[in-house]
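Structure first, commentary second.
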Amino acid sequence: MFTFDQVFDQIKQIATDKPDNIADCVYRDENKQPVCIVGHWLYQNDFLYDDEWDQMEENNVDFVLSWLRRHRGVAVDEKSALFLTTIQQIQDRQTPWLEALDAAVAAMEPDSTQD
């Protein structure tokens with residue numbers, strides 16, 4: 001199981017590597033390259049085979065995480081799932097990735113006191 005710290009560290013690295021990146025609402029483009037921040041995270045961890053990306057495109061992170069759990073045995077903790085959903089929603093509004101990271105962290109702050 002991926003912990004929040006693991007997921008956060010990976011997403012933070014992606015966001016800081018490309019702080020001004022603004023992505024479309026797709027996981028991967030026609031050239032088979034990751035597009036959104038969550039798409040980069042999925043790609044970096046080799047979670048999907050080439051023929052599986054297309055079936056993920058019309059779905060949100062919750063669906064993808066559920067699919068990964070059922071088909072790959074890949075799981076993330078509840079806080080990680082919420083974080084990935086939050087950052088995806090923020091970056092889908094054409095927010096640069098570093099700003100999306102900061103906004104997702106801010107959105108998670110009330111939950112962090114309930115651990």
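The values are calculated or read from the model by the stated rules, or taken from the named source; none is laboratory data. Computed from a predicted model, the values in this text were never measured in an experiment. Neighbour counts run over all protein chains shown; Cβ positions are idealised from the backbone, glycine included. Heavy atoms of the whole protein, side chains included, go into the accessibility calculation; ligands, DNA and RNA do not. Shrake-Rupley method; radii C 1.70, N 1.55, O 1.52, S 1.80 Å.
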**Complete:** For region 38-55, Karplus-derived ³J(HN,Hα) couplings (6.51, -1.76, 1.60; θ = phi - 60°; whole Hz; x for glycine and proline) come out as 6, x, 5, 5, 4, 5, 4, 9, 6, 6, 10, 7, 3, 7, 9, 4, 4, 6
**Item:** Other-chain or far-sequence residues with amide H under 5 Å of F2's (modelled H)
**Value:** A75, V76, D77
**Complete:** HN-Hα couplings for region 4-13 via Karplus (6.51, -1.76, 1.60; θ = phi - 60°), in whole Hz with x for Gly/Pro, come out as 4, 4, 5, 5, 4, 4, 5, 5, 4, 5
**Request:** Check the straight Cα-Cα distances from K79 and name the lysines below 21 Å, setting aside those fewer than 8 residues away within the same chain.
**Result:** K12
**Fill in**
Taking the chain, the whole-percent share of alpha-carbon pairs separated by over 18 angstrom is 45 percent
**Complete:** Under a 1.4 Å probe, counting only protein heavy atoms, F2 has an accessible area in Å², nearest 10, of 50 Å²
**Message:** Over the chain, with the other protein chains present, what is the accessible area per residue in square angstrom, probe 1.4 angstrom?
**Reply:** 57 Å²
**Request:** Using the Cα centre as the reference, give the magnitude of the dipole from point charges on the C-beta atoms of the chain (Lys, Arg: +1; Asp, Glu: -1; all else neutral), rounded to the nearest 20 debye.
**Result:** 160 debye
**Message:** Along the charge dipole of the chain, pointing to its positive end and built from +1/-1 on Cβ of Lys, Arg, Asp and Glu, which listed residue (Q91, V26, Q55) has its Cα farthest out?
**Reply:** Q55
